[in-house]
Amino acid sequence: MTSPFHFPALAKRRALDLPIRPTRAEISASALLHNLKQTQQWVFPAPLLAVVKANAYGHGAVDVARVLEAGGVWGLAVALVEEGVELRHAGIQTRIVVMGGAYADAWPLMVEHHLTPTLFRKEHVQRFGQLLRSLKRKADVHIKIDTGMGRNGVVLSEFEAFVAQLKTWPELHVEGLCTHLACAEQEGAPLTRLQLQRFEEAWKRLEQLGINPAWRHTANTAAVLSIPEARDGRIFNLVRPGGAMYGLFPKAWPQTLPLRRVLSWKTGITHLKWLSPGDSVSYDATWKATRATRVATLPVGYADGFGREYSNKGEVLLHGQRAKVIGRVAMDFCLIDVTEVEQVSVGDEVVLLGEQGAERLDANDLAELSNSLHYEVLCSIGARVPRILVE
């Protein structure tokens with residue numbers, strides 16, 4: 001049966017190269033490079049294994065990786081094999097270390113795309129070793145030990161048995177030894193001291209067993225900034241900052257380095273209207289006008305990561321002024337009160353995160369409204385929001 005619909009051929013376009021709606025996340029290449037240089041100077045001579053997992057903390061992994069690679073990072077850290085493969089497909093040439101460990105049957109992908117795995121289970125060693133032996137190849141690996149995070153890693157009681165198995169596979173070259181700190185953001189945390197001691201113990205035992213990894217690392221951003229032992233070169237000689245690359249500090253954290261925010265989240269007004277006293281807006285009519293109120297519609301909602309938690313509480317920037325979010329945030333839209341803002345027009349730029357005039361909205365501000373973290377706010381910005389590299 002012939003279809004009653006006819007659609008003429010359309011010229012091909014890359015729809016997300018530029019957004020059609022005004023909602024987008026702008027990624028500042030200059031701010032990213034600034035943060036990279038500041039961190040490199042702070043930890044010198046330790047090189048940087050920059051963390052670009054989770055779509056570079058919501059910033060767009062491919063563009064961020066290209067900028068950091070051009071800036072001279074030692075390598076890039078991801079959580080998933082899939083994340084590493086994506087970067088290789090985008091042309092990233094630098095070292096990529098996969099920290100997550102959920103490899104399943106992904107070992108051939110690791111070899112094909114020259115990804116460096118982090119091993120902490122005996123089956124990791126067995127499967128990767130067997131594959132490399134069948135291919136008559138060798139590969140660098142990092143060993144992860146669990147010093148107190150209680151998540152991934154070889155526990156110290158099983159460490160010697162793990163290393164003994166590792167030594168039966170000369171195809172595996174131990175390039176690195178690493179762990180993850182649980183309380184790095186808590187100044188003087190006893191667990192941090194204990195973790196550092198446990199790491200040094202594991203390293204010395206590894207040396208006694210005939211393996212001396214060139215690189216030893218634990219320092220996330222908090223450790224980079226506040227724990228000299230995590231970057232002093234004596235025990236740890238490689239750092240792996242994530243948040244610092246994007247200018248992210250916990251809200252109460254001292255601004256040790258002059259870092260810059262990399263991401264600005266913006267949209268624009270698509271509709272304007274006047275409401276009379278008693279009129280309501282959005283689902284469940286949770287907000288009602290108490291005066292003549294001018295309301296603007298913004299094409300951004302919880303499907304984009306602008307969460308329902310911001311309903312009747314959030315603020316945005318318009319013409320350098322703060323404007324209140326009113327009513328429920330919906331899947332695709334939210335509404336703001338612009339009564340006090342002069343000369344508002346359809347198409348005016350609205351800032352959800354970032355600077356406008358003398359005002360600034362930070363991911364920490366949104367995190368407070370949703371009882372979450374600035375990292376979570378940025379990682380929650382939806383995939384349908386284009387990331388646009390600027391500068």
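The values are calculated or read from the model by the stated rules, or taken from the named source; none is laboratory data. Since the model is a prediction, treat every value here as computed from it, not as a measurement. Glycine also receives a Cβ, built like all others from the backbone with ideal geometry; neighbour counts cover every protein chain displayed.
Pick from Gly243, Gly188: which is more than 23 Å from Val141 (Cβ to Cβ), surrounded by fewer than 21 Cβ atoms within 10 Å (Cβ to Cβ) and at pLDDT below 95?
Exactly one residue qualifies, and that residue is Gly188.
Could you identify the single residue in Glu86, Glu123 that is under 22 Å from Ala56 (Cβ atoms) and either among the charged types (D, E, K, R) or at pLDDT below 95 (or both)?
Glu86
Among the listed residues Val78, Val111, Val64, Val52, identify the single one that is among the β-branched types (Val, Ile, Thr), in the same structural domain as Leu166 (by TED's automatic domain parsing) and more than 21 Å from Val239 (Cα to Cα).
Answer to the check: Val111.
Given the conditions (1) in contact with a strand residue (DSSP E or B) (Cβ under 9 Å, 6 or more places away or on another chain); (2) within 29 Å of Leu352 (Cα to Cα), which single one is not true for Lys37?
That leaves (1) as the condition not met.
Name the single residue that is surrounded by the most Cβ atoms within 10 Å (Cβ to Cβ) among those in the range 155-170 being in contact (Cβ under 8 Å) with a residue 40 or more places away in the chain and under 15 Å from Thr118 (Cα atoms).
Within the range 155-170, the match that is surrounded by the most Cβ atoms within 10 Å (Cβ to Cβ) is Leu166.
One line per residue, one yes/no per condition, for (1) more than 27 Å from Gly176 (Cβ to Cβ); (2) assigned to a loop (DSSP other than H, G, I, E, B):
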residue: Pro213; (1), (2): no, yes
residue: Val224; (1), (2): no, no
residue: Met245; (1), (2): no, no
residue: Thr256; (1), (2): no, yes
residue: Lys273; (1), (2): yes, no
residue: Pro277; (1), (2): yes, yes
residue: Arg291; (1), (2): yes, yes
residue: Thr297; (1), (2): yes, no
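Among the residues that make up the range 214-233, is at least one of them of a type in the set (S, T, N, Q) and loosely packed, with under 15 Cβ neighbours inside 10 Å?
There is no residue in the range 214-233 that is of a type in the set (S, T, N, Q) and loosely packed, with under 15 Cβ neighbours inside 10 Å.
Would you check if there is a residue in the range 193-212 being of a type in the set (Asp, Glu) and within 26 Å of Phe249 (Cα to Cα)?
Within the range 193-212 (the criterion being of a type in the set (Asp, Glu) and within 26 Å of Phe249 (Cα to Cα)), the answer is no, since none of the residues qualifies.
In this structure, is Leu131 over 19 Å from His217 (Cβ atoms), surrounded by 13 or more Cβ atoms within 10 Å (Cβ to Cβ) and in contact with a Pro (Cβ under 8 Å, 6 or more places away or on another chain)?
Here the answer is yes, as Leu131 does meet what is asked.
Before we move on, is Asp304 under 18 Å from Ser380 (Cα atoms), modelled with pLDDT of 95 or more and surrounded by fewer than 19 Cβ atoms within 10 Å (Cβ to Cβ)?
When the stated conditions are applied, Asp304 does not pass them.
Can you pull out every residue in the range 214-267 that is of a type in the set (Gly, Ala, Ser) and either within 16 Å of Val52 (Cα to Cα) or touching a residue at least 40 places away in the same chain (Cβ under 8 Å) (or both)?
Within the range 214-267, Ala219, Ala222, Ala223, Ser226, Ala230, Gly233, Gly242, Gly243, Ala244, Gly247, Ser264 meet the criteria.
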